[in-house]
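Here's the structure, in structure tokens; my notes come after.
Nothing in this text is a laboratory measurement; each read-out follows from the coordinates by a stated rule. Remember, predicted model here, so these are calculated numbers, not experimental data.
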Ligand code: SF4
């Protein structure tokens with residue numbers, strides 16, 4: 001079998017989108033198969049983030065995803081037991097499509113033990129608890145969530161598109177569904193003036209939601225972003 005062709009699609013206006021583009025994953029998914037099920041981020045507005053500014057959000061065609069899985073199943077000499085769904089917020093994929101993707105992974109890569117993805121409050125809370133349970137039963141085991149801060153003022157300033165209350169609701173829903181919640185917070189995102197409030201509010205939020213995993217990154221201003 002030949003190598004899968006690079007992903008290219010067009011937007012509603014017929015304009016060509018960036019093929020595949022840069023792909024990001026959490027450090028702990030270094031050994032995972034990276035499966036790009038969306039292109040870009042459906043939000044794409046966080047002021048500090050430059051990851052997907054060159055991409056317009058689109059769902060990747062199911063046939064392309066299945067072709068990639070077929071190719072991987074045939075070619076991989078040491079198959080990965082984990083799959084990470086890219087790009088920025090793959091949990092936003094509509095429920096039926098996401099279930100079809102997880103079923104395709106299970107059928108073609110039966111050795112896979114866990115599927116993970118990035119998600120945020122919008123994508124988590126768009127799914128009901130029973131829907132998240134369905135995804136968990138099909139192998140979705142972890143959602144990495146860039147909460148960044150527990151301070152509503154800082155969240156609004158960075159255009160995170162969520163609130164502290166929504167983070168709590170999202171954490172509770174994932175826990176009830178049996179999906180591990182890996183939370184990322186950003187040291188420094190409160191700025192100098194808001195630093196203490198950011199620290200206290202983030203600590204109290206983490207104490208409230210008590211996620212199984214927390215990663216603390218340090219904010220780095222990236223050229224080309226509003227920050
Ligand atoms: S939701 Fe994540 S990927 Fe999307 S713009 Fe914000 S930080 Fe970047």
Using Cα pairs closer than 8 Å and at least 6 residues apart in sequence, work out the relative contact order for region 47-172, in percent.
25 percent
What does the helix-only formula give at 222 nm for the chain: each DSSP H stretch with n ≥ 4 adding -39500 (n - 2.57), the total divided by the residues, and the result rounded to the nearest 500 deg cm²/dmol?
-10500 deg cm²/dmol
Please figure out what share of the DSSP beta bridges in the chain is antiparallel and state it in percent, rounded to the nearest 5.
10 percent
Normalised contact order of region 106-188, rounded percent, pairs of Cα under 8 Å and 6 or more residues apart:
38 percent
Contact order relative to length for the chain, counting C-alpha pairs under 8 Å separated by 6 or more residues, stands in percent at 18 percent
Using the 2.2 N^0.38 Å rule of thumb for compact globular proteins, work out how the chain stacks up: its C-alpha Rg over that value, please.
1.03
